[in-house]
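The values are calculated or read from the model by the stated rules, or taken from the named source; none is laboratory data. Given the structure is predicted, the values throughout are model-derived calculations rather than measurements. Don't worry about glycine lacking a Cβ; one is built from the backbone with ideal geometry, like all the others, and counts go over all protein chains shown.
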């Protein structure tokens with residue numbers, strides 16, 4: 001009898017211990033569900049990516065100062081990181097800084113659970129911040145079969161929803177950034193030809209543009225996001241349609257009424273269907289991606305972010321000093337990221 005009772009008690013205790021263990025596992029999952037992977041930021045001007053944790057391993061490429069990557073693991077003073085294209089690489093710890101981990105984010109009770117069948121991607125983004133436009137999630141055709149070689153082949157791209165600035169960043173906005181942070185003035189800052197407060201800031205490097213966007217809690221748009229915003233929901237070759245129209249954008253010459261840069265938003269007829277201004281002309285705009293002329297041959301179809309490394313950063317949109325043909329929404333251009341010129345500016349994007 002004692003043996004039977006002891007066995008029964010042990011079974012009950014075993015079931016209780018199992019329940020406690022399952023409860024603890026569930027609690028741990030809940031607490032860690034909002035955690036994001038730790039990130040690091042490159043502090044060296046250039047940093048080699050290696051195939052293993054040491055200088056004897058093969059060099060895979062290079063990254064630049066300010067680039068950020070999620071940390072996968074660490075070993076003997078080296079970090080393993082994940083690149084934007086999904087590949088893994090190692091970087092030496094003395095030339096990077098580990099960023100503070102963001103606080104856990106509890107799941108919002110008003111948003112559908114990621115485990116709810118059929119609800120993935122159904123969340124409607126909140127209204128855009130002031131002076132930004134919501135570009136809804138969807139698929140569009142990127143590139144052009146009739147354009148330059150680096151625009152080919154045209155290919156379908158799926159993007160998550162994002163916000164993009166309605167206007168290019170102005171001198172007045174950039175001045176506020178300089179005053180708040182002590183950031184150095186861009187090249188041509190005192191040039192009276194480009195000094196109007198409502199004109200787009202010019203003479204900014206890619207790093208300047210990135211730093212401004214971060215200060216605003218935003219980021220530079222990817223090349224794919226920029227092209228989708230410029231082409232609109234109908235996939236036009238120009239923001240307003242499939243043919244160039246004089247007087248719709250600030251391009252070379254002064255027939256459009258402007259010899260140099262124009263105040264942002266000056267060309268009402270040239271805005272996109274969704275209300276984004278100056279995506280053609282006025283100033284070239286930096287995008288987040290590294291540039292590679294053959295990237296479209298192997299780029300991913302979902303939320304592409306460009307090659308993992310490179311020597312040039314992308315530019316889009318044409319400018320006041322270039323021909324109308326270069327304002328096509330599919331046209332690609334690039335410059336070294338530390339280059340600053342009288343025809344280069346930018347706008348920001350943001351993830352909902």
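The set of residues in the range 308-335 being touching a residue at least 60 places away in the same chain (Cβ under 8 Å), within 30 Å of residue 90 (Cα to Cα) and part of a loop (DSSP other than H, G, I, E, B) consists of 308, 309.
Could you tell me which of the residues 177, 140, 162 is within 25 Å of residue 325 (Cβ to Cβ) and either in the same structural domain as residue 217 (by TED's automatic domain parsing) or modelled with pLDDT under 90 (or both)? On inspection, the qualifying residue turns out to be 140.
Here residue 179 passes the criteria (1) surrounded by 19 or more Cβ atoms within 10 Å (Cβ to Cβ); (2) in a helix (DSSP H, G or I); (3) out of contact with any strand residue (DSSP E or B) (no Cβ under 8 Å at 6 or more places or on another chain) except the one numbered (1). Residues in the range 182-200 that are surrounded by 14 or more Cβ atoms within 10 Å (Cβ to Cβ) and assigned to a helix (DSSP H, G or I): 194 only. Only residues that are assigned to a loop (DSSP other than H, G, I, E, B) and either touching a strand residue (DSSP E or B) at 6+ places or on another chain (Cβ under 6 Å) or modelled with pLDDT of 90 or more (or both) were counted in the range 87-124, giving 1. Which residue is surrounded by the most Cβ atoms within 10 Å (Cβ to Cβ), if the candidates are limited to the range 201-215 and must be out of contact with any helix residue (DSSP H, G or I) (no Cβ under 9 Å at 6 or more places or on another chain) and under 19 Å from residue 319 (Cβ atoms)? Of everything passing the filter in the range 201-215, 209 is surrounded by the most Cβ atoms within 10 Å (Cβ to Cβ). The single residue among 80, 62 that is surrounded by 12 or more Cβ atoms within 10 Å (Cβ to Cβ) and modelled with pLDDT of 90 or more turns out to be 80.
Each residue in the range 285-326 was checked for being under 17 Å from the mean Cα position of the chain (by Cα) and under 30 Å from residue 255 (Cβ atoms), and 7 of them qualify.
Each row is one residue, and each column tells you yes or no for (1) assigned by TED's automatic domain parsing to the domain that holds residue 184; (2) modelled with pLDDT under 95; (3) out of contact with any strand residue (DSSP E or B) (no Cβ under 8 Å at 6 or more places or on another chain).
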{"site": "254", "(1), (2), (3)": "yes, yes, yes"}
{"site": "271", "(1), (2), (3)": "yes, no, yes"}
{"site": "280", "(1), (2), (3)": "yes, no, no"}
{"site": "299", "(1), (2), (3)": "yes, no, no"}
{"site": "302", "(1), (2), (3)": "yes, no, no"}
{"site": "319", "(1), (2), (3)": "yes, no, no"}
{"site": "328", "(1), (2), (3)": "yes, no, no"}
{"site": "338", "(1), (2), (3)": "yes, no, yes"}
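Quick check on residue 221: is it in contact (Cβ under 8 Å) with a residue 60 or more places away in the chain and farther than 28 Å from residue 157 by Cα?
Taking the combined requirement at face value, the residue does not satisfy it.
Among 235, 275, 203, 257, which is the only one that is free of Cβ contacts under 8 Å to residues at least 40 places away in the same chain and in a loop (DSSP other than H, G, I, E, B)? One residue alone meets the criteria, 257.
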